[in-house]
Each structure stands twice: as C-alpha cells, then as structure tokens.
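Since every read-out is calculated from the coordinates, none of them should be taken as a lab result. Source: prediction; values computed, not measured. Counting neighbours? That spans all protein chains shown, and the Cβs are built from the backbone with ideal geometry, glycine included.
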Amino acid sequence: MSGRWVRILAGVVATLVAIIIGLSASGTLDATPDPETGLPAGAHRIDSIASQFTTRTIVLIPIAIAINIVLGQTVGTALKIPLYLDSIGTILVGVLAGPIAGAVTGLLANLIWTFVLAGTPFGSPFAWPYAIVAAEIGLLAGIFGYYGFFRNRPNTPTPQLVVGTVISVVVLGALALWGILPAYTEGVTFFGDLASVDPIFQLVAIAIAIVLVLALVALVVQLLVRRNLGVAYVVVGGAICGVISALISAPITEIFFGGVTGSGSDLLVAAFQQAGSTLSNAVLQQGLIQDPIDKTLTYIVVFALLHTLSRRFTARFPQGERAVGVEEG
Amino acid sequence: MAWRRADQIDSATAPPARTGGASLSPADATYLASLAPPAPTTYHRLNPLTKAAAATVATLAAFILGGYIGPLTILVVGVLPAAFAAGILLKLGRFALLISLPVAVSVALVSVFTRAGETVLFVIGPFDATLEGVDFAGQIMVRLIVVAMALGLFGLTTDPRALVVDLEHRGMPPRVAFAAAATLETIPAMIDRATTIQAAQRARGLDTEGSLRARLRGVMPLIGPVILSSLTEVEERSLALEVRAFGRPGRRDLLWSLPDSSRQRFVRWLLLVVLVAVIAARVTGSMPAFL
Amino acid sequence: MIDLRELAFVYPDGTRAIDGVDLSIGRGEVVAIIGQNGSGKSTLVKHLNGLLRPTEGAVLLEGEPTLGRRVANLAARVGLVFQDPDRQIFAGRVRAEVSFGPRNLGLRGPELDAAVDEALLAVGLADAAGANPYDLGYSRRKLLALASVLAMGTPVIVLDEPTTGQDSAGITRIQGIVASLASAGRTVIAISHDMRFVAETFRRVVVMRAGRVVLDGSPAEVFGEDSWPALASTYLEPPLAARVGARLGLGSTPTEASLVEALVAARG
Amino acid sequence: MLELRGVAYRYPGYARSVLQDLDIAIDRHEIVGLVGPNEAGKSTLCLVAAGLAPASIGGTLTGSVLMDGKPIAGLPVHELAAWVGLVFQDPNTQRSGVTGTVFEEVALGSVNLGRPVAETVARTRSSLATLRIEHLADRDPMRLSGGQAQLVAIASILAMEPRLFILDEPTAQLDPEGTRLVGQALRRLAATGTALLIAEHKTDLLDGLCTRIIALDGGRVVLDGPADTALESDGLTGIGIQPPARVRLARAIKASGLRVPDELEQVAAGDRSA
C-alpha cells in the first residue's frame, strides 16, 4: 500500500513541477525580456520559452482545446470508427509553437476541461488526473517537431531510404519487443522462454506480434512505394508517444478510476483481468494496445494536415518553419 | 512569478478600480458591478477561488482518504449542504449521476466480475462476482460520485468568466486568462463548424454509412476543414486582438471584480491545512483505522 | 422535378425554420431565393439533398419522395455549394479538392479528369490546378468550392450566396456559369443577398420571410411596385433601376437593360 | 497624418511583392474609399497602414510608413493600436470570445491599453452612443445578427479613439440589413471627424460618403482623386470596378442616346440620405 502512495506523491510532485514550469513560462511574458538590461545567464532559455507564446500561439490554444474535445466526439461518431483523436489540437500546438507551448496546452486543456467547463455539457470532472499525460503528449510533439519529424521528405534518395527504413524497423521492433510485449508476458520477450507464460497470453503475444509485423511490412511497402521517409519519422514518433502515454496513464487510470475510462476499451481491461492479469497489468496491457495505434494514427493525420496547409501559413508560428519545412520549389 | 501580485488584492474586500484622474460615478460603479455574472445565492456569491479551493480539496481528499467513510463524510458534511444552500441539489445529483454513469458501468464490469477474489457471491456464465470485486467497485464509485459532485458544484455555481477575472486580479497573466476564457465560447463554435463541414462533405457524396474502407476515407475530408479553417481563423483572430492592444505588457484595469473577505481567506487556508494533514496522515501511515 | 409539399422543419431547439412551404421547380428552371438571414432559405435548400429531413410534409425529386434515401445517393442528383468554402476544403491541391465529389459518385480515369478539367475551366482556375487552395484568396477559394460541385455533374445545382466576396469580374463569371448550366438543361437554385445579381441572372425569384414563401414570380413581378410592401417587410430593397422605373411610371424595370428599354419605348 | 513613401511589401514565403511603389498620404478628416479588384492588395494595404504588416505578420517592407511624420517601423502593434484602428470583414473572428456583454467587448481594447476604468467607461459609453447601439450594451456579443456584431466590432475600435480608422470590406459578410446598418455607422464615424480609410467593393456605399477614392490594381495605385469625379471615371470600370448604380444607370441611358431623367438622381439621393 505504501508503495502506491509514494507513486501518487511522485505524480503530484511531478504535476506541480510541470504547472510551475508552465506558469513561469507564461509568466515571463508580462515582462518581455529586454536584451539591453543585461539579463542573467539562463535568460536566453526563458526568452526562447517566451517566444513560443506569441499572440498566435495564445489564440491557437483555446482552438486546440476545442479541437481536442470536439473532433474526438464528432468524427468518431459520424464515421463509426473507434478513433479517439482527442489530442490532435495539443499535438498541433506542440509541433507549430514548440515543446513548452505544447505541454502547457495539454496541461491547460485538462485543467480547463475540469474547472472552467465544469458546469457545461462539455466539462469533465475526471479529466484533471490526465493533465500530466496531455502535457507529455504536447511536449513530445514539440520535441519531435523541433527535430523535424513532421517534415515531408518526398523523393528520398534510395540509400537514405534504405538506411531510414532499417533504422525505423529496428526502433519500432525494439519498442515492441521491450516496450510492449513484456507487459503481456510477465517480462518475457520472444528471446526468452515464452513457454513459461500462461497459454492465453502466449496467444495474445503472438497475435500482437503478427499485427506488428503486418504493420511493419505495410510501413516498409509504403516507404518503398512513396519514397517518402517522412512517413517513417511520423510512425516512429507516434509509436513512441503512444507507448510513453500508455505507461504514464495506466497507473493514473488504475489509482483514480479503478482501471476504467468509461469507454469501449474497458472491455479489454475486463478481458485481460479475466485471463488472469492483475488490475494494474490489465490496464497497462489495454493501454499498450490502444495508445500506440491511436497516437500513430493521430500523428499520421497531423502530418497530412500540416502538409495540406500552406507553408506560408505554418511559417507564421514560432516553430512552424522548423517543424514543417519551407516552401518547396 | 505568476502569482506575485496577490498582495495587491489582499487589503480590501474587493480590489478597488484604479480610476486615474477621473473618478467613477456611483452609478457607473453600480453598472460595472452588474456586468459580473449573476449570482443568485450566497454560495454563488463566494469568491471563485474559495469555491475552487473547496472543490479541489474535496476531490483530492476523497482520493487520498479512500474507502467509504472518508469520501462519504466529505459528501454529506461538505458538498451536499453547500449544494442545498446553492439551491441546486437535484440538478447537481442528476449531473453527477449522468457524468459518472459510463465509468460506473465499466467499473462494475471490470471489478465486480473479472477481479480475482475469494468470496464468490454469484456466477453468470464464466464470470463470478466476488465480494472483493464488489467492495473495490463500491469504493471507486463512491469516490467518483464525490469528485463529480464536488467539481460539479463548483461548475454549476461559478461562471467561468468570474473565475478567470478573479485569477487575473490575483496576478494570472492576461494571456493565460484569455486562453482559459476563450475556450468556453470556442467549443460550441467548433461543434457548429464540424456539423457544417459534415453537411458540406455529405453534399459532395461522402458516404458516412458505407463500408469501413469508405468510412476511413472520410476521415481527412471531415477533419481537414475543421483544422485548416480553424488555423486560418487563428491568423485573423490574432490580428483582430492585436489591433485591440492585446499583448501589451503590464497590468490591465478590469471593469469588475469579485468580492473576497478575510473570512473566506481563512477558510481557504483552513482547507489547505486539512489537505496537508490528510496527505501527511496517509504518507506517514498514521491514518485512523476506521478510515 | 423538385416538389416541396407542405414542408415544415423545426430545429431541435424548437425554432420553426420552415413553416409550410409549397414550391415546385421544373427542370431547367433558374430560381433565386431571397430573404433576410434567418428567413429559412438555407434550411430549405438543405432539404433538397436530404441533409435535413422534413418535420412535416415531403420533398419529392422527380416525383419520388427523398425520404429514406441516403444523402450520399441524393448527392448525385442535387449538388449543394455551401456559403463558406473553408467549410469543405481539405485537400492540399486544387485538383484533388475538385476530384473529391465526382470520385465519390464513382467517376474514375479519363472520365474523372474530363469532369475536373471542365469544372476548373468554367470557374477560371484551370491554371491553378496544382496550387494549394489556401494560397488562393477567399474569392478564388469560393470559386474552387463551386467547381468541386460543378464537377459532380448533378442535374440540380444549389448555390448558397455565390457572390459573397466576389468582385465584378467574379460576379460576371458566376452569371456566365448559371447561364450555361441553364442552357444545358440543368436546374439552378441560388440563395443571394445581391438584388442586382438576382434581377439580372434569374428568371424566377422566391422571397421568403419567417419560414414562408411571401412572393414567387419573375423579377419583374417580384421587384414591381405592387410587391414593394411585401419586400419591405423582409428588409429587401428593389434594385435602383426598378425604383427609378416606378418613379417614372414605366412599370416594372428590375434590370438596367429593361429600364433603358422602357425609356426608349416611352420616347418612341 | 498617415504617409506611405515608396512602400512595397512582400508576404513571408512569397517571391512577389503584393504592394509596389505606393505613395499615399492621408490627412486628418479625410474619408478615403479604397477600391480595386480582388487580390489587388487592398487588404494588404490595410494591414500595412495599421502597422500589422510586417510587425505581426512578418515579410519585407521597403519604403517607409509615417504616422504624424514619425516612422512606425519597429513599433510594437499594441503601441500603434491607440493610433490606428482596423476593422476586418468577419464580425465573428473579431469577437474576442472572452466577454459576456457587448459593453465589455467594446471596452476591451481600452482595457488592454491599460487605461483607468473611469476613462474606459466614458470612452465605451461615447463609442456606443456615436454608433447608436447603446441598446445592445447588455446583450451577449455571441447572440447578435451579423450587422449588429459588425457594429460592435467598429465600436470596440472606436472606443480606443484611434486617429485613423481603417475598415477592410466591413460589409462583405453581411446581409442587406447588416450592410445598411454598417453604412449608417460609417456616416456616423465620418461625422466624428476621424480620418477613415474604407476598403470596399460596394461603391454604392462609398458614394456620397468619401471625399477621396484610391484605386489599386496589381498592388499599385492606378487612380487617386476626389470621390465625385473618381466614381464616375472610366478608369474604375477599366480595372473591373462597378461604379455606383446611379452612375451605371446614367451611363446606360446616355449610351442609348437618351437624356438622363432627373428622377434618377432624386431616387439615388434618397438612398444616400436614408
């Protein structure tokens, strides 16, 4: 029992730290740093954080939050597809405005969702524990954006394409083997003694492996057909974001909500638990299936959207030019 | 830091409007006060921060205490009387039930039937309901209801604009205030936007009822315009705001403010002390046995 | 071709947007619907392709009730261009945007290409086929939205406020498109606030107020002096030519050409 | 008051300049109509004159923009906001979305400028009174007709008391009733003595209101002169601008060899005073 409370405390501390960082980042806006006043060392970093919060970023934040809340509900319902897409807005802000702006958007989104919208039909009193996950999603998107993961790379030369394909297959494979699979097989990977695992989970592991291999094959085919390495970056980024999100949100879901979220994916939790997993494992097992798929699809959608937008437009955001690239041709 | 200006509102019941050279006539002052969102009961009229602190402490304490007695005490002693005072007892009950219903169904499914336990209550097919599962589900549901009621009470008695204005008086940067306040109006507009876009694409033959493949092809036409047009609007909105001197550094004199009192400040400190005590008791393991 | 029978529509919030409309529009007719915002014009046209379903009454297309037909099917018969082009543009290239509709109707290959080319040519965007739609100005994005429905080749085309944001060259282009659609035997229905555009482009004008049809006739009838009280009740003002003609006692002269004609006739 | 000297402007990411060789000076009390075909650079000129381009949008500006003889280059937009006001086409995107009443919405710019409350209240009151929309003060800004919302947008700029008031196609998104309301508002603005620059397709709206017309085509000034002669000149028709209905009608009548009846001017004059 005490171990769990240590984890909660750690979570609360981490959230507080994140809030303080967020508020101080936005707090520095009031006094726009003046280069002539001789700011202390480190002011440069604050300056770069402040520069992520232009008026455009500030205007984008509420719109991004609305996109998160509305898009997830309407598109999934209209097309009857189990696609959540409830972090598209946060990811967009991260990519276009920068990691801190993305993290603050994620954090604010969930706090606003809980407190500001509390009395309205859109509010949710259960959103705030996930603020840290939302912040992580925005932060990662910003970092991936900073390192050019969302850039379009059409007509990648063959040698680069082959090297990129191999690297992304290795990264995704490693992520699957050590990040996803052990959650189902009590820590055993395919290189270990799978026979010692409960037969049901052997089947689950094999099923997951088959889906992963198929997904990898599809990715490789896509890469070779389109000759666009950008797709590999996006899929790798989305998968990493998905695994990390699942790892962070699983304990939150378990501790605060007894392992459920009130959506259809709770059936999976029930199934894993019935098959013999403990609750915390079942939640993680469910998350590791849902989140990488959802986040990878979201990343692909965001990638497609960013490249539908006019470059002249994305360039007006603080990190737009760096993340999406400049006009080709 | 963001909250550094708290001292400026500490001295008076309500922060007096800085009037510069000209002074505000009593009639004008009354008019400006009338711009604040209406507050029908005394509970509504409490400072938003007080209500927010109460909701937050109730929520966190319910989680930290766990079990049945702690959260139910918070509900019966704190939330329900407050909701009664605010005249929204039934409304709040309906709200809390509606919002926790899907989670409650899931909890029942996941905990009652599939959670491992010793004492089997009854069996349906391959699923056996255990006493331990029912107990676990019960605890979670009690907690969620308390949380939904506490935060719902805050939401139903506090206009979001009042919260944002109050926080800005306390030193929250105007930019953060804007982001928070604007979200409220953006959501219904976004729903309208998504609805129109759906109509426009269906008018162009998009099939939302066909095969999975056809429906998957509909994702981009439905999402694309929502985001692209929103982002185009970001440009226009930010220019329109900048023309209104948005982003000028420094303090703004807001038109109205919400009353605060030393009694409310005392209550807020008290709530904080209670929360710290509960956390300390839990961490050191000195929680009374009956909780 | 289009028959609205005792049509009424009530929004979920209780607003009775359409309150008993009987309207029948024949093949090849060119009809303008005018009225204040909120008079029910947009609600009315959304019934033609099934986006909205009548609360009371019925919508018949070629004698067949639309009830129970999917919008995806009705879209092949009634093309509807929404007012705001940004509520539909999703593609990164003009050409791809225009292909979306006809592709949904099953067009492929050279047939598709021909339909897209023809539509782009009609709106004057042939040379912008490879451009990013959001690099075009608002008025050209609006023409793009028009092209994307023209390319579907539907027998009925409905335009919601086609002239908003257009300069006079754009308005002239849209007038040309309406005329060529009409001469090809297609039915055109347009909602507009631009009275001069309405008087010069359409042979029939339907005036709506509070969910009902208050006037229905040729431009000469609708903008004639007898109709002015009804028009005024909807805050609409006849074009200057009509008012000058009436002042001079020349009868109803809704367009500049008809006024000049009447003046010439009066002198001769 | 406002002076553009040899101004050329290029948006970020564009190779071509949208505005070229502009030399425009607008004096106190002048009411200038800005016309031109779509994509002639009207909106861009509005953004440059208001100091938003390049300060907020980026891009490259050559030449100089002067306000009362002082260059505005390098000034932050919020400082210029008290000097130049800009109203856009779409009333919805101009609504801040953070206010609960029209009064607060109109006051927002003045509040942002850091003015004391009493001053803000006085300016807001007089702005609402000038446009005769006091009756809207307590309404929810979200629940207004398009025309009313545009009046609120105009009032919220007016409350900042700019010396130059720029309007970029203020009626483009409005229905006839909204256009009529904004037309009245423009006349009331003109009566305050503020300098106005109005970009507008509907020359009927400019007729009888403006003292001067500037026509743009391809980013250059192609015509600049007193309104009464400019609106009747063939130069406008040449670049595809429809002259006001009365001018068009008179031309058509003359073209068929007839005398223009006096009734035409009488009816048109009645419209203008309405």
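Would you calculate a helix-derived [θ] at 222 nm for the protein assembly as shown, using -39,500 (n - 2.57) for each DSSP H run of n ≥ 4 and dividing by the full residue count, to the nearest 500? Let's see the in-between values first.
On the way: 48 runs with 608 residues, N = 1162.
For the protein assembly as shown, the value works out to -16500 deg cm²/dmol.
Which part of segment A:209-224 falls in the paramagnetic zone of A:Val162, meaning amide N under 18 Å from the point 7 Å along Cα-to-beta-carbon?
Output list for this probe position: A:220-224.
Can you check how the C-alpha radius of gyration of segment A:164-318 compares to 2.2 N^0.38 Å, as a plain ratio? Provide the component values of the computation, followed by the final result.
Numbers: Rg = 17.4 Å, N = 155, 2.2 N^0.38 = 15.0 Å.
Relative to the rule-of-thumb radius for its length, segment A:164-318 sits at 1.16.
C:Leu60 label point, 7 Å along Cα→Cβ, cut-off 14 Å on backbone N: hits in segment C:8-24?
Residues C:22-24 fall inside that zone.
As an exercise, use a Förster radius of 51 Å and the Cβ-Cβ distance of C:Gln175 and B:Val105 to find the FRET efficiency, rounded to the nearest 0.05.
The pair C:Gln175/B:Val105 has a calculated efficiency of 0.30.
Which ³J(HN,Hα) values in Hz, rounded to whole numbers, follow from the phi angles of segment A:210-215 under the Karplus curve 6.51 cos²θ - 1.76 cosθ + 1.60, where θ = phi - 60° and Gly and Pro get x?
Calculated HN-Hα couplings, in order: 4, 4, 5, 4, 4, 4 Hz.
Starting at the first residue of segment C:159-174, write each ³J(HN,Hα) from the Karplus equation 6.51 cos²θ - 1.76 cosθ + 1.60 with θ = phi - 60°, in whole Hz, x for Gly and Pro.
With the stated coefficients, segment C:159-174 comes to 10, 9, 6, x, 9, 4, x, 8, 8, 5, 5, x, 5, 4, 4, 5 Hz.
Which whole-Hz couplings ³J(HN,Hα) result when phi for each residue of segment B:174-189 is put into the Karplus expression 6.51 cos²θ - 1.76 cosθ + 1.60, θ = phi - 60°, listed in order with x for Gly and Pro?
Once rounded to whole Hz, the list reads x, 5, 5, 4, 4, 4, 5, 5, 5, 4, 4, 7, 5, 5, x, 4.
Between B:Arg94 and B:Leu72, what is 0.36 nm times their sequence separation minus the Cα-Cα distance? Round to one decimal in nm.
Values: separation 22, 0.36 × 22 = 7.92 nm, distance 1.76 nm.
Once the chain is fully extended between B:Arg94 and B:Leu72, it gains 6.2 nm.
Scan around C:Asp19 for amide H atoms under 5 Å from its own, H built in the peptide plane at 1.01 Å from N, and keep only partners 5 or more places away or cross-chain.
Residues meeting the amide H criterion: C:Phe9, C:Arg212.
With a Förster radius of 60 Å, plug the Cβ-Cβ distance of D:Arg188 and A:Thr77 into 1/(1 + (r/R0)^6) and report the FRET value to the nearest 0.05.
Efficiency computed from Cβ-Cβ geometry: 0.80.
Grab the beta carbon distance between B:Ser23 and B:Phe84, set R0 = 56 Å, and tell me the FRET efficiency rounded to 0.05. Mind showing how you got there, number by number?
On the way: r = 42 Å, r/R0 = 0.75.
Calculated transfer efficiency: 0.85.
Using amide H atoms built 1.01 Å from N in the peptide plane, name the residues 5+ places from D:Arg139, or on other chains, whose amide H lies under 5 Å from its own.
Close amide H contacts, sequence-distant or interchain: D:Val102, D:Phe103.
Can you compute the modelled spin-label distance between B:Thr195 and A:Ala195, with each label point 7 Å from Cα toward Cβ, in nm?
Label at B:Thr195, label at A:Ala195, 6.3 nm between them.
How many Cβ atoms of partner chains, on average, are near each residue of C:128-134 if near means within 10 Å of its Cβ? Write out the running numbers ahead of the final one.
On the way: counts 0, 0, 0, 1, 8, 3, 10.
That works out to 3 on average.
Which one of A:Gly138, B:Leu109, B:Thr119 has its Cα pushed farthest toward the positive end of the charge dipole of the protein assembly as shown, where Lys and Arg give +1 and Asp and Glu give -1 at the Cβ?
Positive-most Cα among the choices belongs to B:Thr119.
Sequence-distant or interchain residues sharing an amide H contact under 5 Å with B:Ala116, placed H: which?
Sorted by chain and number, the residues that satisfy this come to none at all.
Could you work out how much longer the chain between D:Ala73 and D:Arg272 gets when fully extended? Use 0.36 nm per residue separation minus the Cα distance between them, nm to one decimal. Let's see the in-between values first.
On the way: separation 199, 0.36 × 199 = 71.64 nm, distance 3.91 nm.
This chain segment gains 67.7 nm when fully extended.
If you bin every alpha carbon distance in chain B into 5 Å steps from zero, what whole percent lands in each bin?
Percent of Cα pairs in each bin: 1, 5, 8, 10, 11, 11, 12, 11, 10, 9, 6, 3, 2, 1, 0, 0, 0.
Rounded to whole Å, give me the distance from the Cα center of segment D:67-123 to that of segment C:232-249.
Using only Cα atoms, the two centres lie 40 Å from each other.
Please average, across the residues of C:238-246, the number of beta carbons from any other chain that are within 10 Å of each residue's own beta carbon, and give a whole number.
What the average comes to for C:238-246 is 5.
Over the Cα atoms of the protein assembly as shown, what Rg and Dmax result, in angstrom?
Calculated on Cα positions, Rg and Dmax stand at 31.9, 110 Å.
Spin-label point model (7 Å from Cα, Cβ direction): what's the C:Ala126 to D:Glu265 distance in nm?
It is 4.7 nm.
Over all directions, how big on average is the projection of the convex hull of the alpha-carbon atoms in segment B:206-274, in square nanometres?
For segment B:206-274, the mean projected area of the Cα convex hull comes to 11.3 nm².
For B:Ile124, put the label point 7 Å out on the Cα→Cβ axis and report which residues of segment A:244-262 keep their amide N under 18 Å from it.
Correct set: A:262.
Quick one: check the C-alpha center-to-center distance for segment C:103-121 versus segment D:182-216, whole angstrom.
After rounding, the separation between the Cα centres reads 45 Å.
Once label points are set 7 Å from the Cα along Cα→Cβ at both A:Ile206 and C:Ser24, what is their separation, rounded to one decimal in nm?
It works out to 7.0 nm between the two label points.
Largest first, please: the extent of the C-alpha atoms of segment B:167-243 along each principal axis, to the nearest Å.
Cα spread of segment B:167-243 along its principal axes, largest to smallest: 55, 24, 16 Å.
Cβ under 15 Å from D:Pro170's Cβ, D:Pro170 left aside: what net charge do those residues give with Lys, Arg +1 and Asp, Glu -1? Before the final figure, lay out each step's value.
Working: positive: D:Lys42, D:Arg95, D:Arg180, D:Arg187, D:Arg188, D:Lys202; negative: B:Glu236, D:Asp90, D:Asp168, D:Glu169, D:Asp175, D:Glu177, D:Glu200, D:Asp204.
Charge balance near D:Pro170 sits at -2.
Quantify how strongly other chains surround peptide C:251-258 by giving the mean number of their Cβ atoms within 10 Å of each of its Cβ atoms. The partial results should precede the final answer.
Details: counts 0, 0, 0, 0, 1, 6, 2, 0.
Whole-number average of other-chain Cβ neighbours for C:251-258 is 1.
Classify segment D:2-231 as rounded, prolate or oblate from the Cα gyration tensor: take a ≥ b ≥ c as the square roots of its eigenvalues, call it rounded if a/c is under 1.5, otherwise prolate when a/b beats b/c and oblate if not.
prolate
Using only the Cα atoms of chain C, build the gyration tensor, take square roots of its eigenvalues as a ≥ b ≥ c, and label the shape rounded, prolate or oblate: rounded if a/c is under 1.5, else prolate if a/b is larger than b/c, else oblate.
Numbers: a/c = 1.97, a/b = 1.29, b/c = 1.54.
Oblate is the answer for chain C, as a/c is 1.5 or above yet b/c matches or exceeds a/b.
Taking Cα centroids, how far is segment A:60-120 from segment D:126-160 in Å?
32
Greater than 29 Å separation of Cα atoms is the criterion. Which listed pairs, A:Lys295/C:Lys142; D:Lys70/D:Lys202; C:Lys46/C:Lys142, meet it?
Check vs 29 Å cut-off fails for A:Lys295/C:Lys142; D:Lys70/D:Lys202.
Please compute the Kirkwood hydrodynamic radius over segment A:52-127, one decimal place, Å, based on all pairs of different Cα atoms. Write down the numbers at each step before the final one.
On the way: mean 1/r = 0.0792 Å⁻¹.
In segment A:52-127 this quantity evaluates to 12.6 Å.
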